Amino acid sequence: MNFTEVTTQRYPAATSEAVSKVMKGNRKADTRPEVLLRSALHDRGRRFFKNRRVSVAGISVRPDILFPTIKVAVFVDGCFWHRCPEHGNLPRGPNAEYWRRKLQGNVERDRRDGSLLSADGWFVLRFWEHEEIRDCVKSIEWALDRLSKPADTR
Ligand SMILES: [Zn+2]
């Protein structure tokens, strides 16, 4: 594997094998936990949009899973990229400062996006990639059932 060569245009070289692995696993738009969660929801008859942009206060936000009719937005955050308190260790070495800034930028953007969506009436759910899929499904369905209005009450 020559990961360093592939990524020099976008990121400085990964400074350890562990970081390199994490980065490689997170390069695609669809990370594995997202795929599993979407699949579980789909199996339960839930219909949604994936990676659809929402424009809020002139800023484009792209939740991983979106239920636009009842305004529920779901994010599945990678532990490395979004600095999970349990697994979000910062890379060490010569590029440590680069990574600290980059990852901190992600965290700040997450907060901003969440606030913008909430202020615009969205119900925002945010999960870590390490969370059990069935627990995520449970939370999402709780929100969907709670926010769906029966047709005959209007
Ligand atoms: Zn984690």
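So the values come out like this:
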read-out: Counted charge near R52, where neighbours are those whose Cβ lies closer than 11 Å (Asp, Glu -1; Lys, Arg +1); value: +2
read-out: Scattering curve values for region 57-121, log₁₀ I(q)/I(0), Debye with Cα scatterers, q = 0.19 Å⁻¹; value: -0.79
read-out: Loop-located GluC sites (Glu not before Pro) in region 81-154, at most 10 other Cβ atoms within 10 Å (DSSP); value: E86, E132
read-out: Three semi-axes of the equivalent ellipsoid, region 82-154, Cα gyration tensor, whole Å, largest first; value: 35, 16, 5
read-out: Peptides ranked, highest mean first, by Cβ atoms within 10 Å: ranges 54-60, 67-73; value: 67-73, 54-60
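Readers should treat all values here as calculations from the given coordinates under stated rules, not as data from a laboratory. Since the model is a prediction, treat every value here as computed from it, not as a measurement. No Cβ is skipped: glycine too gets one built from the backbone with ideal geometry, and neighbour counts run over all protein chains shown.
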